[in-house]
Structures are given as structure tokens and as C-alpha cells.
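Since the structure comes first, as C-alpha cells, the remarks are kept for the end.
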Amino acid sequence: MSAPPPSLAVLVSGRGSNLQAILAAIREQRLPARVVAVIGDRAAPARDLARAEGIPFLSPGGDEELCAALRERGVQWVALAGYLHRIGPRVLAAYPNRVLNIHPSLLPAFGGQGMYGQRVHRAVLAAGVRETGASVHIVTEDYDQGPVLARERVAVLPGDSPESLAARVLAVEHRLYPDTLARLVRGELRPPPWQS
Ligand code: GRF
């Protein structure tokens, strides 16, 4: 019998469109993985999505509880998808180079604490830059500071609003995140060496 595909936990705080993109990529066999848990805030709309897919939805209290929940379910990779909380040292130590995040800008630009959602796109427009994009990176203790694994550019167009820009970036995220996760779990992409 062949080994089961690598197990993934997806952490969400919001609507969960990246979770949806990950699930679609698994269904379409573009991502050789299975989502064994969705973890997030009790009120996250993504909770309904997890339920509809029959995936357990958990809301552990803190770093220790989260780490225990991941281990109990045999999670091998952790994907943050719009998760607004810091990942603590226990989880990071238990999953070295295996906690990933997607961010809606070309990191290191427009990242860091407080840079999430429309704030990122508003800052991009206020800065007057011509391009932005999406980045997948390894999560470390500092927000959006870990090594970047993949980035894709998106042009800022004249007349863009934060909403129109967010929509084009999000479409890129939905392809970039599952593709990068697939390259990682297949061992085709190796994180650069870094010091925790
Ligand atoms: C995305 O823009 C992602 O880059 C950021 O949070 C947003 C989550 O959106 N980290 P969704 O909940 O996946 O729709």
C-alpha cells in the first residue's frame, strides 16, 4: 500500500478563500496532501467551509494547545491562510521550516505587524509603486520576516482601488499558494538556510 499523502493543517481567521483554493488543488490532484484540520477563530467564516468538507475545525487556546492539537492529528505541514495570530515558539520548534504563510505583497515590502487585509493594498497605493504581488514565506516569530519561498508580481493599474488591487492579488494567491505547497511537500523546493 502506498503511503498516505502529507498531512496539512490550515489556519484561518477570515473567509478562507485560500483554504478553498488549497482544497480545490488537492481535489484536482495538483497538491499531493490532505487537510486533516482547519484551525482558527471560533467566529471565522471559514469554519463553515471546513464543516461542509467534513474537516475537523479546532480553536485551541494558545501555543501549547495548538502544538498538542497539531501533534495529536499527525500534522506534518502548517499553512497559515489569513490567520491573524502570532505563531508561538513551541509550534515553530515542533515544525521547523514547516509553517508557511501567504502574504498579499512582494515581501519584504509592505509586511510586518499590522499589515494585513486592505491595509496592505492601501499602503501599496499610497506609496505609488507600480507593482505589488503575493509572497509565500516560512513563518518565524516575527510577522512576515521569514525566508521567502515564492513571489509573483501583480501590476498596479491606474485607477486601482484597494479592492480592485486586492482582487487581482487574491487571484494570484489562489494559484501561488497551492503550487508552492505542492513543490514543498514533493521536496522540489527547499527552504534557504536560516537561523531561528
Ligand atoms: C489573503 O489576502 C492572504 O494573503 C492574507 O490574508 C488573506 C486571507 O484571505 N494573509 P482568505 O481568508 O484566504 O480569503
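Below is a table of values for the structure above.
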| item | result |
| --- | --- |
| Virtual paramagnetic centre 7 Å along Cα→Cβ of A3, amide N under 18 Å, in the stretch 10-46 | 31-36 |
| Most fluctuating residue given options G114, G40, G146, as computed from a GNM of the chain linking Cα atoms under 10 Å | G114 |
| Extension gain, Q118 back to R190 (0.36 nm per residue minus Cα-Cα distance, nm) | 22.8 nm |
| Cβ-placed point charges (K, R +1; D, E -1), dipole of the chain about Cα centre in debye, nearest 20 | 300 |
| Projected-area average for the stretch 86-196 over all orientations - Cα convex hull basis, square nanometres | 6.8 |
| Environment charge of V38, counting only residues whose C-beta is closer than 14 Å and scoring Lys/Arg +1, Asp/Glu -1 | +3 |
| All Cα pairs of the chain, percent lying beyond 30 Å | 16 |
| Residue with peak Gaussian network fluctuation, the chain [Cα springs, cutoff 10 Å], from I138, I22, I55 | I55 |
| Average silhouette area of the stretch 100-140, convex hull of alpha-carbon atoms, in square nanometres | 2.7 |
| Helix-only CD estimate at 222 nm, as mean residue ellipticity for the chain, using -39500 (n - 2.57) per DSSP H run (n ≥ 4) | -10500 deg cm²/dmol |
| Per-residue Cβ neighbour rank within 10 angstrom, fewest leading, S13, S2, S7 | S2, S7, S13 |
| Cα-projected label distance for L125 with E141, points at 7 Å along beta-carbon direction, nm | 3.7 |
| Listed residue (L84, T132, Y95) projecting farthest to the positive dipole end of the stretch 1-159, Cβ model | T132 |
| Separation between Cα centres of the stretch 87-103 and the stretch 117-133, rounded to whole Å | 26 |
| Whole-angstrom gap from the stretch 4-36 to the stretch 139-196, using each part's C-alpha centre | 16 |
| Distance (nanometres) between label positions extended 7 Å along Cα→Cβ at Q76 and S164 | 4.4 |
| Net lengthening on full extension, R86/R15 (0.36 nm per residue, minus Cα-Cα) | 23.7 nm |
| Pairwise label distance in nanometres, A43 with R27, each label 7 Å out on the Cα-Cβ vector | 2.9 |
| Sites S59 and E152, calculated FRET efficiency, Cβ-Cβ separation with R0 30 Å, nearest 0.05 | 0.45 |
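Every number in this text was worked out from the coordinates using simple rules, so none of it is lab data. Nothing here was measured: the structure is a model prediction, and the numbers come from that model. All Cβ positions, glycine included, derive from the backbone under ideal geometry; neighbour counts span all protein chains shown.
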